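Only one structure is covered here, and it is reproduced in the block below.
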Amino acid sequence: MIIQIRSIGIMCIVCLLFLVGCKANDTDEDSWKESPTFYIDDKKMYGVKGEIGLERLNGEENEPDFPATQGRLYNIHFFDAAKELFGEEAVITATHQDTGKTIELYNLIASSIASAKFGFEDEGLWKISVSINEEPYTSFIIRAEKP
């Protein structure tokens with residue numbers, strides 16, 4: 001009888017660990033979904049509405065907004081919700097989902113708008129992270145595509 005109770009207890013613990021492990025993986029996968037775009041004055045933006053947006057400035061219309069292995073010129077918009085950040089140091093980095101490699105895209109003093117040229121080495125999902133004065137501010141996911 002004691003052996004049966006012990007076996008049932010061990011099975012319950014194993015099932016619980018399995019469920020917790022599955023939930024952790026689901027959360028990780030969810031965090032790597034491409035972020036939705038939004039529009040400001042008919043301009044397509046990648047980022048977080050009300051906080052930051054990247055607007056593509058060059059390249060052909062039929063080309064991807066984030067071509068792998070090529071650079072593009074972008075406007076970086078800090079919106080009204082971020083006005084208190086103007087004049088502060090902002091660093092924008094990108095981390096590739098598959099390789100885990102992180103690159104610095106741009107280092108700037110936050111203002112309402114700034115232009116920057118940067119690119120992504122590999123195709124796939126990249127997490128764009130914005131830090132203000134070395135503190136995490138916001139992040140979003142983009143997809144770099146084959147040109």
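The values are calculated or read from the model by the stated rules, or taken from the named source; none is laboratory data. Since the model is a prediction, treat every value here as computed from it, not as a measurement. Cβ: placed from backbone, ideal geometry, glycine included. Neighbour counts: every protein chain shown.
Screening E60, E88, E84 for residues that are without any contact (Cβ under 8 Å) to a residue 12 or more places away in the chain and under 23 Å from K49 (Cα atoms) leaves exactly one candidate, E84. Being buried (at least 17 other Cβ atoms within 10 Å of the Cβ), at negative phi and touching a strand residue (DSSP E or B) at 6+ places or on another chain (Cβ under 8 Å) holds for only one residue in S111, S139, and it is S139. Residues in the range 114-136 that are within 20 Å of P36 (Cβ to Cβ) and among the hydrophobic types (A, V, I, L, M, F, W, C) were compared, and the one that is surrounded by the fewest Cβ atoms within 10 Å (Cβ to Cβ) is L125. On the given criteria, is T99 more than 23 Å from E63 (Cα to Cα) and part of a strand (DSSP E or B)? The answer is no for T99.
Scanning the range 41-99 for residues that are among the hydroxyl-bearing types (S, T, Y) and under 16 Å from K146 (Cα atoms) yields one hit, T69.
The lone criterion from (1) surrounded by 10 or more Cβ atoms within 10 Å (Cβ to Cβ); (2) at pLDDT 95 or above; (3) of a type outside the set (S, T, N, Q); (4) closer than 19 Å to I113 by Cα left unmet by P67 is number (4). Each residue in the range 81-96 was checked for being surrounded by 15 or more Cβ atoms within 10 Å (Cβ to Cβ) and in a strand (DSSP E or B), and 7 pass.
Summed over the range 70-80, the residues that are of a type outside the set (A, V, I, L, M, F, W, C) and buried (at least 17 other Cβ atoms within 10 Å of the Cβ) give a count of 3.
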